[in-house]
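K.L.:
What follows is a structure written as structure tokens; I'll ask about it next.
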Amino acid sequence: IAEIEATQALESVQAMMEGEVNEESLKAVEELLQGQQAAMLDAHKVLAADIMDARRSVPKAVPLLNNLTPRVRSVQASLAQEMKRTKQLYAKKKQEADVAKEQAKAAAGITKAEQRDAKALEEALPEAMETVTAAEDSFDAVVTAASPLSIEFADPNSEPIQVAIKDTEATVAKALEAIKAARVKLNKNVSEAKGFAPEAKRVALTEYSALQEKLNELQKKLVPYARIRKDQEQRQEAKKVTAEVAGKLGSVELEVEKVISILKTTQPSEEEVKSAESMLPPAASSLIKVIKLVKQKLDDAQGALKDDLLHMQQRCNEARKKLEASRTQLRALQEQV
């Protein structure tokens, strides 16, 4: 359905782009394409999830589902290409509007230098905008490559996730190169614009500043994707640490509860008292080891792992209090005996 809707949207866009178009119609085209890009991104996520589910439940269906991925990517590529063409045309229309303003000023007595510099800007701006658009497109590719990683409870060691991490790293590298190339181009444009006549200089620096801000935003958005592998590894390590500590702490808590259950009886026998007495030292020793382990892991822990370990630290303190209370009760029983 998403593919059909996207195809229909592309046909509508092509029809809208025929003949004369203005900024308003280009904006409508851009919004339409953005909506379809979002829909195809959602479809890609759903397909990735379906493939992972099929691997577990219906392996025979995996090849069929895999065959859908190129179709989704093909439509995404067509949408991206059409979006790029729309942005370029929008830039051209904007440029034409700026030139028209400059020409009106020229007719009212603009200086020869203003005319010369306005023309220079007219020639340089579309190319600068194109380099920024290329950087934006490269970021969109990063988002698409990383989409399977946003699926909750996905196995971090599964093939789709590992492939997604590699694809993301590759597209991040390309995006960084695209941003770097655009930044070099803009820096050169800004340097040239600083020598323009006043009005041309103001217009040029405003335009280039807006483009540089777009690059800055792209750079910020890329940061979490650039550390995607490290984040995945940290999440996996956090799960291991939590499972290790929880398992050991659970065993200690069980031993403590066994001692408490013996001492809770109305009149424990001499045999039961001895049993409880023999259980206390190993339980206390195990608890000390768990306490040290939690403290050691807390030194480097951050985020959710730190919260989990702090909670386990509280459980350790509660278990220690119970052990101390049991030890006191046991001494009293031994004195009675």
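K.L.:
Please compute the alpha carbon radius of gyration of segment 275-337, then divide it by the globular-protein estimate 2.2 N^0.38 Å. Two decimals is fine.
P.N.:
Computed over Cα atoms of segment 275-337, the ratio equals 1.41.
K.L.:
Once you've got the GNM for the chain with C-alpha springs shorter than 10 Å, pick whichever of Lys230, Lys194, Lys258 has the biggest mean-square fluctuation.
P.N.:
Per the Cα network of the chain with a 10 Å cutoff, Lys258 tops the list.
K.L.:
Quickly work out the Leu298-to-Glu270 label distance, labels modelled 7 Å from Cα along the C-beta direction, and quote it in nm with one decimal.
P.N.:
About 4.4 nm, to one decimal.
K.L.:
Still on this structure: Looking at segment 196-264, I'd like the Rg to Rh ratio, where Rg is from alpha-carbon atoms and Rh is Kirkwood's inverse mean 1/r.
P.N.:
Checking Rg against Rh, the ratio lands at 1.65.
K.L.:
Additional query: Using each residue's phi in segment 133-138, evaluate 6.51 cos²θ - 1.76 cosθ + 1.60 at θ = phi - 60° and report the 3J(HN,Hα) Karplus result to the nearest Hz, with x for Gly and Pro.
P.N.:
Each residue of segment 133-138 in turn: 4, 5, 5, 5, 5, 5 Hz.
K.L.:
Would you mind computing the Rg to Rh ratio of the chain from its alpha-carbon coordinates, Kirkwood style for Rh?
P.N.:
Rg/Rh for the chain comes to 1.27.
K.L.:
Connecting C-alpha atoms closer than 10 Å in a GNM of the chain, tell me which of Gln115, Gln296, Gln232 has the biggest fluctuation.
P.N.:
Of the options given, Gln296 has the highest mean-square fluctuation.
K.L.:
Okay, next question. Taking a spot 7 Å from the Cα of Val62 along the direction of its beta carbon, which residues of segment 160-191 have an amide N less than 17 Å from it?
P.N.:
Residues passing the 17 Å test: 160-165.
K.L.:
Still on this structure, please answer the following. What's the extension gain from Glu127 to Lys174 if we count 0.36 nm per residue and subtract their Cα-Cα distance?
P.N.:
Length gained, Glu127 through Lys174: 15.0 nm.
K.L.:
Here is a further query. Rounding to the nearest 20 debye, state how big the charge dipole of the chain is about its Cα centre with +1 on each Lys and Arg Cβ and -1 on each Asp and Glu Cβ.
P.N.:
Dipole magnitude for the chain comes out near 1120 debye.
K.L.:
Right, here's the next one. Using a 1.4 Å probe on the protein chains only, how many percent of the accessible area of the chain belongs to carbon and sulfur?
P.N.:
Ligands and nucleic acids excluded, carbon and sulfur reach 53 percent.
K.L.:
Continuing with this model, one more query. Please express the shape of segment 108-260 as an equivalent ellipsoid: the semi-axes are the square roots of 5 times the eigenvalues of the C-alpha gyration tensor, given largest first in whole angstrom.
P.N.:
Whole-Å semi-axes of the equivalent ellipsoid: 55, 16, 9.
K.L.:
Hey, can you find the accessible area per residue of the chain for me, probe 1.4 Å, expressed in square angstrom?
P.N.:
Ligands and nucleic acids excluded, the figure is 59 Å² per residue.
K.L.:
Using only the alpha-carbon atoms, how far is helix 198-226 inclined from the longest principal axis of the chain? Give it as 0 to 90 degrees, nearest 10.
P.N.:
Orientation of helix 198-226: about 30 degrees from the principal axis.
K.L.:
When the label point is put 7 Å from the Cα of Lys112 along its Cα-to-beta-carbon vector, which residues of segment 182-200 have a backbone N closer than 20 Å?
P.N.:
Taking a point 7 Å out along Cα→Cβ of Lys112, the residues of segment 182-200 whose backbone N falls under 20 Å are 195-200.
K.L.:
What are the radius of gyration and Dmax of segment 224-317, computed over its Cα atoms and given in Å?
P.N.:
Rg and Dmax of segment 224-317, Cα atoms, are 18.0, 65 Å.
The values are calculated or read from the model by the stated rules, or taken from the named source; none is laboratory data. Since the model is a prediction, treat every value here as computed from it, not as a measurement. All Cβ positions, glycine included, derive from the backbone under ideal geometry; neighbour counts span all protein chains shown. What goes into the accessible areas is simple: the full protein's heavy atoms, side chains included, and nothing from ligands, DNA or RNA. Shrake-Rupley method; radii C 1.70, N 1.55, O 1.52, S 1.80 Å.
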